[in-house]
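Visitor: My questions will all concern the structure given below.
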Amino acid sequence: MDGFIVIDKPQGITSHGVVSAVRRAAGQKKVGHTGTLDPFATGVLPVALGEGTKAIPYLDEGRKRYRAVMRLGTATDTQDCMGQAVSHGDWRSVTDGEVKRVAARFCGELLQTPPMFSALKRDGVPLYRLARKGEEVERQARPIEVHELRIDGIALPDVTFTVVCSRGTYVRTLAHDMGEQLGCGAHLVELRRLASGPFSLDSAITLDALREVDGPEALERLLISPLDALGHLRELVLTRSGAERVAQGRDPGSHLENESTYAATSPGALVRLSFAGRLAAVAEVVADDGDSVRHLRIVRGFASFPFT
(Lines give C-alpha, C1' and ligand atoms only; values in the text may rest on other atoms or scores of the structure.)
Protein backbone atom coordinates (compact mmCIF):
# COMPACT_ATOMS: atom_id res chain seq x y z
CA MET A 1 0.00 0.00 0.00
CA ASP A 2 1.69 3.18 -1.22
CA GLY A 3 0.63 6.81 -0.95
CA PHE A 4 -0.74 9.38 1.46
CA ILE A 5 -3.83 9.41 3.63
CA VAL A 6 -4.96 12.72 5.11
CA ILE A 7 -6.09 12.38 8.70
CA ASP A 8 -8.28 14.96 10.43
CA LYS A 9 -6.35 14.79 13.69
CA PRO A 10 -8.47 15.13 16.83
CA GLN A 11 -7.43 17.10 19.87
CA GLY A 12 -5.45 15.38 22.61
CA ILE A 13 -3.44 12.92 20.53
CA THR A 14 0.12 13.28 19.29
CA SER A 15 1.09 13.07 15.64
CA HIS A 16 2.98 9.87 16.52
CA GLY A 17 -0.24 8.46 17.95
CA VAL A 18 -1.99 9.12 14.63
CA VAL A 19 0.79 7.28 12.78
CA SER A 20 0.35 4.29 15.11
CA ALA A 21 -3.40 4.24 14.38
CA VAL A 22 -2.80 4.31 10.61
CA ARG A 23 -0.15 1.60 10.93
CA ARG A 24 -2.64 -0.67 12.70
CA ALA A 25 -5.39 0.03 10.17
CA ALA A 26 -3.10 -0.58 7.18
CA GLY A 27 -1.32 -3.56 8.69
CA GLN A 28 2.10 -2.37 7.54
CA LYS A 29 5.14 -0.95 9.28
CA LYS A 30 6.38 1.61 6.75
CA VAL A 31 4.30 4.61 7.84
CA GLY A 32 5.31 8.20 8.64
CA HIS A 33 3.79 11.66 8.92
CA THR A 34 4.66 15.08 7.56
CA GLY A 35 4.25 18.39 9.38
CA THR A 36 3.82 17.61 13.09
CA LEU A 37 0.75 19.02 14.85
CA ASP A 38 0.79 19.81 18.58
CA PRO A 39 -1.46 17.54 20.71
CA PHE A 40 -4.00 20.33 21.33
CA ALA A 41 -4.22 21.16 17.59
CA THR A 42 -6.59 19.49 15.13
CA GLY A 43 -6.92 19.14 11.38
CA VAL A 44 -4.82 18.12 8.40
CA LEU A 45 -2.07 15.60 9.16
CA PRO A 46 -0.79 13.83 6.01
CA VAL A 47 0.42 10.29 6.71
CA ALA A 48 2.61 8.45 4.21
CA LEU A 49 2.46 4.69 3.64
CA GLY A 50 4.94 2.44 1.88
CA GLU A 51 6.66 4.16 -1.03
CA GLY A 52 4.88 7.37 -0.06
CA THR A 53 7.42 7.80 2.74
CA LYS A 54 10.14 8.22 0.08
CA ALA A 55 8.22 11.13 -1.45
CA ILE A 56 8.06 13.18 1.78
CA PRO A 57 11.28 15.19 1.12
CA TYR A 58 9.93 16.31 -2.27
CA LEU A 59 6.48 17.49 -1.16
CA ASP A 60 5.55 21.12 -1.63
CA GLU A 61 4.25 22.01 1.82
CA GLY A 62 5.63 25.53 1.72
CA ARG A 63 2.22 27.03 2.52
CA LYS A 64 -0.03 26.02 5.39
CA ARG A 65 -3.47 27.36 6.29
CA TYR A 66 -4.81 27.47 9.84
CA ARG A 67 -7.86 28.73 11.68
CA ALA A 68 -7.03 29.80 15.23
CA VAL A 69 -8.55 31.38 18.30
CA MET A 70 -6.37 33.45 20.61
CA ARG A 71 -7.45 34.62 24.05
CA LEU A 72 -6.25 37.99 25.24
CA GLY A 73 -5.26 38.71 28.84
CA THR A 74 -2.95 35.79 29.65
CA ALA A 75 0.42 34.66 28.30
CA THR A 76 1.48 31.06 28.96
CA ASP A 77 4.84 29.30 28.93
CA THR A 78 3.77 27.10 25.99
CA GLN A 79 1.96 29.99 24.24
CA ASP A 80 -1.20 27.87 24.15
CA CYS A 81 -3.89 26.57 26.49
CA MET A 82 -1.80 23.55 27.55
CA GLY A 83 0.72 25.64 29.49
CA GLN A 84 0.98 27.55 32.74
CA ALA A 85 0.14 31.24 32.96
CA VAL A 86 3.26 33.43 33.17
CA SER A 87 1.64 36.87 33.01
CA HIS A 88 -1.76 38.57 33.01
CA GLY A 89 -2.89 41.81 31.42
CA ASP A 90 -6.04 43.89 31.18
CA TRP A 91 -7.69 43.27 27.82
CA ARG A 92 -10.82 45.31 28.56
CA SER A 93 -9.41 48.51 27.06
CA VAL A 94 -8.43 46.80 23.79
CA THR A 95 -10.61 47.79 20.84
CA ASP A 96 -11.53 45.85 17.73
CA GLY A 97 -9.63 48.41 15.66
CA GLU A 98 -6.45 47.87 17.67
CA VAL A 99 -6.69 44.11 17.16
CA LYS A 100 -6.98 44.58 13.38
CA ARG A 101 -4.13 47.10 13.23
CA VAL A 102 -1.79 44.85 15.20
CA ALA A 103 -2.73 41.81 13.09
CA ALA A 104 -1.84 43.76 9.94
CA ARG A 105 1.72 44.16 11.24
CA PHE A 106 2.18 40.39 11.16
CA CYS A 107 1.79 40.01 7.40
CA GLY A 108 4.74 39.62 5.08
CA GLU A 109 8.31 38.51 5.71
CA LEU A 110 9.06 38.41 9.45
CA LEU A 111 11.64 37.18 11.93
CA GLN A 112 10.15 34.85 14.52
CA THR A 113 11.82 33.49 17.66
CA PRO A 114 10.76 29.84 18.16
CA PRO A 115 9.16 29.01 21.54
CA MET A 116 11.01 27.04 24.21
CA PHE A 117 8.23 24.44 24.10
CA SER A 118 9.13 23.15 20.64
CA ALA A 119 10.80 20.12 19.07
CA LEU A 120 13.79 22.16 17.92
CA LYS A 121 17.02 20.83 19.39
CA ARG A 122 19.95 22.34 21.24
CA ASP A 123 22.98 20.06 21.40
CA GLY A 124 20.73 17.16 20.43
CA VAL A 125 18.18 17.83 23.19
CA PRO A 126 14.65 18.98 22.25
CA LEU A 127 13.93 22.44 23.64
CA TYR A 128 10.68 21.27 25.26
CA ARG A 129 12.68 18.93 27.52
CA LEU A 130 14.80 21.83 28.72
CA ALA A 131 11.67 23.94 29.18
CA ARG A 132 10.07 21.28 31.37
CA LYS A 133 13.11 21.53 33.64
CA GLY A 134 12.60 25.27 33.90
CA GLU A 135 15.56 26.03 31.67
CA GLU A 136 15.54 28.66 28.94
CA VAL A 137 18.19 29.02 26.26
CA GLU A 138 18.77 31.68 23.65
CA ARG A 139 17.02 30.95 20.37
CA GLN A 140 17.92 32.42 17.01
CA ALA A 141 15.10 34.30 15.29
CA ARG A 142 14.22 32.65 11.99
CA PRO A 143 12.73 34.12 8.81
CA ILE A 144 9.11 33.21 8.15
CA GLU A 145 6.46 34.56 5.80
CA VAL A 146 2.83 35.23 6.61
CA HIS A 147 1.01 35.38 3.29
CA GLU A 148 -2.35 36.25 4.82
CA LEU A 149 -3.66 36.94 8.32
CA ARG A 150 -7.39 37.62 8.33
CA ILE A 151 -9.41 38.47 11.43
CA ASP A 152 -12.60 36.40 11.20
CA GLY A 153 -14.29 37.37 14.45
CA ILE A 154 -13.74 39.40 17.60
CA ALA A 155 -15.61 38.53 20.78
CA LEU A 156 -13.15 39.82 23.36
CA PRO A 157 -11.20 38.42 25.01
CA ASP A 158 -11.26 35.90 22.11
CA VAL A 159 -10.10 36.67 18.57
CA THR A 160 -10.62 34.20 15.71
CA PHE A 161 -8.30 34.45 12.72
CA THR A 162 -7.20 32.57 9.62
CA VAL A 163 -3.53 32.55 8.68
CA VAL A 164 -1.69 31.31 5.59
CA CYS A 165 2.00 31.00 6.40
CA SER A 166 5.27 29.43 5.44
CA ARG A 167 6.49 26.10 6.76
CA GLY A 168 8.16 26.47 10.15
CA THR A 169 5.85 29.22 11.37
CA TYR A 170 4.57 28.82 14.94
CA VAL A 171 0.99 30.12 14.98
CA ARG A 172 0.98 30.10 18.79
CA THR A 173 4.00 32.40 18.68
CA LEU A 174 2.10 34.72 16.34
CA ALA A 175 -0.68 34.88 18.96
CA HIS A 176 1.83 35.43 21.77
CA ASP A 177 3.59 38.22 19.88
CA MET A 178 0.31 39.91 18.94
CA GLY A 179 -0.71 39.80 22.60
CA GLU A 180 2.54 41.52 23.55
CA GLN A 181 1.94 44.30 21.05
CA LEU A 182 -1.60 44.75 22.36
CA GLY A 183 -0.10 45.14 25.82
CA CYS A 184 -2.18 42.48 27.52
CA GLY A 185 -0.65 39.15 26.52
CA ALA A 186 -2.36 36.31 24.65
CA HIS A 187 -2.26 32.59 24.04
CA LEU A 188 -3.92 30.15 21.63
CA VAL A 189 -6.99 28.24 22.79
CA GLU A 190 -7.79 26.60 19.43
CA LEU A 191 -5.72 25.69 16.37
CA ARG A 192 -7.00 23.83 13.35
CA ARG A 193 -4.92 23.16 10.25
CA LEU A 194 -7.07 23.51 7.15
CA ALA A 195 -4.44 22.73 4.53
CA SER A 196 -0.79 21.77 4.18
CA GLY A 197 0.55 22.11 0.65
CA PRO A 198 -1.51 19.80 -1.60
CA PHE A 199 -3.37 18.21 1.33
CA SER A 200 -6.60 19.67 2.69
CA LEU A 201 -9.58 18.83 4.89
CA ASP A 202 -11.61 18.11 1.74
CA SER A 203 -9.80 14.77 1.40
CA ALA A 204 -9.33 14.06 5.12
CA ILE A 205 -10.76 11.21 7.16
CA THR A 206 -11.24 11.08 10.92
CA LEU A 207 -9.64 8.39 13.05
CA ASP A 208 -13.11 7.07 13.95
CA ALA A 209 -13.95 6.72 10.24
CA LEU A 210 -10.57 5.10 9.63
CA ARG A 211 -11.37 2.40 12.18
CA GLU A 212 -14.57 1.62 10.24
CA VAL A 213 -12.81 1.16 6.89
CA ASP A 214 -13.50 -2.38 5.72
CA GLY A 215 -10.26 -3.99 4.61
CA PRO A 216 -7.08 -2.89 2.83
CA GLU A 217 -8.75 -2.43 -0.56
CA ALA A 218 -11.17 0.13 0.88
CA LEU A 219 -8.30 1.86 2.64
CA GLU A 220 -6.23 1.97 -0.54
CA ARG A 221 -9.05 3.84 -2.31
CA LEU A 222 -8.57 6.66 0.21
CA LEU A 223 -4.90 7.11 -0.65
CA ILE A 224 -3.43 9.97 -2.65
CA SER A 225 -0.80 8.43 -4.89
CA PRO A 226 2.85 9.54 -4.66
CA LEU A 227 2.54 10.70 -8.28
CA ASP A 228 -0.40 12.99 -7.45
CA ALA A 229 1.14 14.19 -4.18
CA LEU A 230 4.11 15.52 -6.16
CA GLY A 231 1.87 17.29 -8.66
CA HIS A 232 3.87 20.52 -8.34
CA LEU A 233 6.73 18.83 -10.26
CA ARG A 234 6.62 18.52 -14.03
CA GLU A 235 5.78 15.00 -15.15
CA LEU A 236 7.89 13.21 -17.74
CA VAL A 237 6.20 10.05 -18.99
CA LEU A 238 8.51 7.12 -19.63
CA THR A 239 8.28 4.56 -22.40
CA ARG A 240 8.66 0.96 -21.32
CA SER A 241 12.35 0.99 -22.23
CA GLY A 242 12.75 4.28 -20.35
CA ALA A 243 11.13 2.77 -17.27
CA GLU A 244 13.48 -0.19 -17.43
CA ARG A 245 16.48 2.15 -17.58
CA VAL A 246 15.20 4.19 -14.62
CA ALA A 247 14.64 0.99 -12.62
CA GLN A 248 18.39 0.43 -13.00
CA GLY A 249 19.11 3.97 -11.80
CA ARG A 250 19.99 5.16 -15.31
CA ASP A 251 19.06 8.25 -17.29
CA PRO A 252 16.08 7.34 -19.52
CA GLY A 253 17.68 9.37 -22.31
CA SER A 254 15.24 9.95 -25.15
CA HIS A 255 12.90 7.19 -23.98
CA LEU A 256 10.14 9.63 -23.07
CA GLU A 257 6.56 9.98 -24.30
CA ASN A 258 6.68 13.78 -23.93
CA GLU A 259 10.17 14.92 -24.91
CA SER A 260 8.90 18.46 -25.57
CA THR A 261 8.09 18.85 -21.86
CA TYR A 262 11.62 17.76 -21.01
CA ALA A 263 13.06 20.25 -23.50
CA ALA A 264 11.08 23.06 -21.82
CA THR A 265 12.33 22.19 -18.33
CA SER A 266 15.16 24.30 -16.93
CA PRO A 267 18.41 22.75 -15.67
CA GLY A 268 18.37 22.28 -11.90
CA ALA A 269 14.65 21.56 -11.79
CA LEU A 270 13.25 18.42 -10.20
CA VAL A 271 10.81 16.35 -12.25
CA ARG A 272 8.70 13.28 -11.60
CA LEU A 273 9.15 10.33 -13.93
CA SER A 274 6.10 8.13 -14.41
CA PHE A 275 5.20 4.90 -16.15
CA ALA A 276 1.73 3.36 -16.46
CA GLY A 277 0.31 6.05 -14.20
CA ARG A 278 2.70 5.32 -11.33
CA LEU A 279 5.66 7.26 -9.95
CA ALA A 280 8.95 5.74 -11.09
CA ALA A 281 11.42 8.32 -9.80
CA VAL A 282 12.19 11.89 -8.89
CA ALA A 283 15.01 13.22 -11.07
CA GLU A 284 17.02 16.40 -11.54
CA VAL A 285 17.64 18.00 -14.91
CA VAL A 286 21.42 18.41 -15.19
CA ALA A 287 23.22 20.48 -17.80
CA ASP A 288 26.70 19.12 -18.60
CA ASP A 289 27.77 21.78 -21.08
CA GLY A 290 25.69 24.89 -20.67
CA ASP A 291 22.20 24.10 -21.95
CA SER A 292 23.33 22.09 -24.96
CA VAL A 293 23.89 18.69 -23.34
CA ARG A 294 21.48 17.59 -20.62
CA HIS A 295 20.64 14.44 -18.77
CA LEU A 296 18.40 13.30 -15.94
CA ARG A 297 20.04 12.38 -12.66
CA ILE A 298 17.88 9.98 -10.64
CA VAL A 299 17.48 11.49 -7.17
CA ARG A 300 15.07 8.93 -5.75
CA GLY A 301 13.69 5.77 -7.27
CA PHE A 302 10.36 4.18 -6.38
CA ALA A 303 9.54 0.50 -6.47
CA SER A 304 5.79 0.95 -6.88
CA PHE A 305 5.43 1.01 -10.69
CA PRO A 306 4.61 -2.09 -12.76
CA PHE A 307 6.12 -3.42 -15.98
CA THR A 308 3.07 -5.48 -16.92
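Visitor: Which residue is nearest to Ala25 (Cα to Cα), if the candidates are limited to the stretch 213-228 and must be of a type in the set (A, V, I, L, M, F, W, C) and in a helix (DSSP H, G or I)?
Guide: Step by step, filter the stretch 213-228, then rank; the result is Leu219.
Visitor: Let me ask you something else. Could you list, in sequence order, the residues of the stretch 85-99 that are under 24 Å from Ala41 (Cα atoms) and surrounded by 12 or more Cβ atoms within 10 Å (Cβ to Cβ)?
Guide: Within the stretch 85-99, Ala85, Val86, Ser87, Val99 qualify.
Visitor: Could you figure out which of (1) in a loop (DSSP other than H, G, I, E, B); (2) closer than 28 Å to Gly32 by Cα isn't true of Pro267?
Guide: The one condition Pro267 does not meet is (2).
Visitor: Select from the stretch 10-49 the residues that are on the phi < 0 side of the Ramachandran plot, touching a residue at least 40 places away in the same chain (Cβ under 8 Å) and part of a strand (DSSP E or B) and list them in ascending order.
Guide: Within the stretch 10-49, Thr42, Val44, Leu45, Pro46, Val47, Ala48, Leu49 qualify.
Visitor: Among the residues of the stretch 181-208, count how many are within 22 Å of the chain's Cα centre (by Cα), assigned to a helix (DSSP H, G or I) and either of a type in the set (A, V, I, L, M, F, W, C) or under 13 Å from Ile5 (Cβ atoms) (or both).
Guide: Looking only at that region, the number is 3.
Visitor: Checking Val137 against (1) free of Cβ contacts under 8 Å to residues at least 40 places away in the same chain; (2) closer than 16 Å to Ala175 by Cα: exactly one of these is not met. Which one?
Guide: Single failed check for Val137: (2).
Visitor: Let me ask something else about it. Among (1) of a type outside the set (D, E, K, R); (2) in a helix (DSSP H, G or I); (3) touching a residue at least 60 places away in the same chain (Cβ under 8 Å), which single condition is Trp91 missing?
Guide: Among (1) of a type outside the set (D, E, K, R); (2) in a helix (DSSP H, G or I); (3) touching a residue at least 60 places away in the same chain (Cβ under 8 Å), the lone unmet condition for Trp91 is (2).
Visitor: Consider the stretch 217-268. How many of its residues are in contact with a helix residue (DSSP H, G or I) (Cβ under 8 Å, 6 or more places away or on another chain) and of a type in the set (Lys, Arg)?
Guide: 1
Visitor: Do you know which residues across the stretch 142-193 are closer than 20 Å to Gly108 by Cβ, of a type in the set (Asp, Glu) and either buried (at least 16 other Cβ atoms within 10 Å of the Cβ) or in contact with a His (Cβ under 8 Å, 6 or more places away or on another chain) (or both)?
Guide: Glu145, Asp177
Visitor: Could you list all residues from the stretch 243-290 that are closer than 18 Å to Ser225 by Cα and among the charged types (D, E, K, R)?
Guide: Arg272, Arg278
Visitor: Next up: Do we find a residue being aliphatic (A, V, I, L, M) and assigned to a loop (DSSP other than H, G, I, E, B) anywhere in the stretch 64-79?
Guide: No, that holds for no residue.
Visitor: Of the residues in the stretch 102-141, how many are loosely packed, with under 13 Cβ neighbours inside 10 Å, closer than 19 Å to Gln84 by Cα and under 24 Å from the mean Cα position of the chain (by Cα)?
Guide: 1
Visitor: OK, next. When you look at Ser254, is it at pLDDT 85 or above and either more than 25 Å from the chain's Cα centre (by Cα) or surrounded by 12 or more Cβ atoms within 10 Å (Cβ to Cβ) (or both), yes or no?
Guide: Yes, satisfied.
The values are calculated or read from the model by the stated rules, or taken from the named source; none is laboratory data. Source: prediction; values computed, not measured. As a convention, Cβ positions derive from the backbone with ideal geometry for all residues, glycine included, and neighbour counts pool all protein chains shown.
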